[in-house]
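Quick note: the coordinates plus some simple rules give every number you see, no bench work behind them. Predicted, not measured: the structure shown is a model, and the values here were computed from it. Here Cβ is always computed from backbone atoms with ideal geometry, including for glycine, and neighbour counts include all displayed protein chains.
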Amino acid sequence: MSETNSQSEPTPPSEPQAAPPPEENFIWIYFFAFLVVASVSVTVFMIQFNLSIQLKPEELEAAHTLWKLKGPKSYDMIYTEQLNNDDHKTVFVVKVRLGEVTEVLMNGKPVEPTKVDGKVVDPRPYHSMDGKFRDIERFMDLDQKKDAPRVYVIAVFDPETGAVLKYIRRVMGTTQRVELNVKVEAVGK
């Protein structure tokens, strides 16, 4: 008979098992991808938003037409003009009666007619609401020329009368800037 070995052979001691490789963590990649996508999205949104609030010729024309139709013929207007990055604001007080500018005060002093090329020029009509619309239209025409610098232009108009309430024009890449803040009060009927 054959003798069976009831004892099993001893197994050699096992080598210590290495720990399983750590799972790779890619969360940091997702985080930075999110930051890049979010930054690009916010940039695109801001560009589109700024372009959407830019003053368009048709908006200016609609406001001017509304002013001609529903704006008061007699009014008092106070507006401030701030140029470039200067903190100084020039204050104009304008009185218009039946569509005619009767008085303009600049920082409390009357604006007087001046001589230009031997002709007397009355600057008062340039300070009426129609004068402000003409100024904005002139700037808009200049800004739309082929070689004109890029500008940022916004305006706020009174929804009932079309009056200019706020106007900002800034030439990009320069310190050229003009800001008007206007208050109009109808006088009589």
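When the chain is treated as a GNM, springs tying every alpha-carbon pair under 10 Å, which of V151, V36, V44 comes out with the largest mean-square fluctuation?
Answer for the Gaussian network model of the chain: V36.
Could you let me know the centre-to-centre spacing of the range 99-143 and the range 11-82, using Cα atoms, in angstrom?
Spelled out, the Cα-based centre of one part sits 40 Å from the other.
Taking H as built 1.01 Å from N, whose amide H comes closer than 5 Å to the amide H of K166, not counting residues under 5 places away?
Those qualifying (amide H under 5 Å, at least 5 residues apart or on another chain) are V156, V182.
At 222 nm, what value in deg cm²/dmol follows for the chain if DSSP H runs of at least 4 each add -39500 (n - 2.57) and the sum is divided by all its residues, to the nearest 500?
-10000 deg cm²/dmol
What order do you get for V93, V104, V187 when you list them from fewest to most C-beta neighbours inside 10 Å?
Going from sparsest to densest Cβ surroundings: V187, V93, V104.
Rg over Rh of the range 48-189, using C-alpha atoms and the Kirkwood radius, what does it come to?
Dividing the radius of gyration by the Kirkwood radius yields 0.98.
Using a simple charge model, +1 on the beta-carbon of Lys and Arg, -1 on the beta-carbon of Asp and Glu, nothing else, what dipole does the range 56-186 show about its Cα centre, in debye to the nearest 20?
Around 120 debye, computed over the range 56-186.
Give a residue-ordered list of calculated ³J(HN,Hα) values for the range 38-48 (Karplus: 6.51 cos²θ - 1.76 cosθ + 1.60, θ = phi - 60°; whole Hz; x for Gly, Pro).
5, 5, 5, 4, 5, 4, 4, 4, 5, 5, 5
Exposed loop sites here are GluC sites (Glu not before Pro) in DSSP loop states with at most 16 other C-beta atoms within 10 Å. What is the longest stretch of the chain lacking them?
25-159
What are the ³J(HN,Hα) couplings of the range 127-143, residue after residue, when phi is run through the Karplus curve with 6.51, -1.76, 1.60 and θ = phi - 60°? Round to Hz, x for glycine and proline.
Karplus-based 3J(HN,Hα) across the range 127-143 equals 9, 7, 4, 4, x, 5, 4, 4, 4, 5, 4, 4, 4, 4, 4, 5, 5 Hz.
Hey, what angle do you get for helix 57-70 against the long axis of the chain, alpha-carbon based, 0 to 90 degrees rounded to 10?
40
Can you list residues from other chains, or at least 5 along the same chain, whose modelled amide H is less than 5 Å from the amide H of L55?
Counting only residues 5 or more places away or on other chains, the set is V153, I154, A155.
Suppose R0 equals 35 Å. What FRET efficiency, 1/(1 + (r/R0)^6) with r the Cβ-Cβ distance, do Q48 and L83 give to the nearest 0.05?
The calculated FRET efficiency here is 0.75.
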